[in-house]
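The values are calculated or read from the model by the stated rules, or taken from the named source; none is laboratory data. Keep in mind the model is a prediction, meaning the values are calculated, not measured. Glycine gets a Cβ as well: all are built from the backbone with ideal geometry, and neighbour counts include every protein chain shown. For accessibility, only protein heavy atoms count, side chains too; no ligands or nucleic acids. Shrake-Rupley method; radii C 1.70, N 1.55, O 1.52, S 1.80 Å.
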Amino acid sequence: MRTPIDAPLHAPAPSASEAPPEGRSEAASAATAAPQGSFAGLTAESGPDPLPRIRATLRDGVLAVSLAGEFDHFTSAPLRGLLAEGAARGARRLVLDTALVTFCDSALLHALDQWARGGGRAELATTSRSVRLLLATAARVRGPGTGGPQVVPSLPRAGGR
């Protein structure tokens, strides 16, 4: 589905009746119709929401965290802060749901490393393909027993895959 970049999030997608005239591409029609200096002609593919979302609860020393979206160096800062605050409030066990993580890099791994260095234990409730790939790559690079986060799978992966 293609929608204009500057369209409000709640705007309906263009209908099939708004197709470009025959023989002209959608981009060419949009470029000629849009006023100069406007973003109206630009479109973006809609896909998974890249904005990181974090939900967390702390109960009886267990910090349950659900992540969604993309987590990189910049977007992982709130997660690092949340884990530090949870540890300061007495959490020693982290249960992580990453089923809706669409992208992650070493920043997520670093946040889990910090948790482990603080004496915490992490368990994965569900994982996305991105998180499984990151953890598998880290295990191959580091090798067994070389430190790093002790992440224990506790439940099946998302989607039963």
Task: Among (1) at pLDDT below 95; (2) open to solvent by less than 50 Å² (accessible area, probe 1.4 Å); (3) under 23 Å from Arg129 (Cβ atoms); (4) not polar (S, T, N, Q), the one test that Pro48 misses - done: (2)
- [ ] Please determine, by comparing only the residues of segment 82-119 that are surrounded by fewer than 17 Cβ atoms within 10 Å (Cβ to Cβ) and of a type in the set (D, E, K, R), which one is nearest to Ile54 (Cα to Cα).
- [x] Glu85
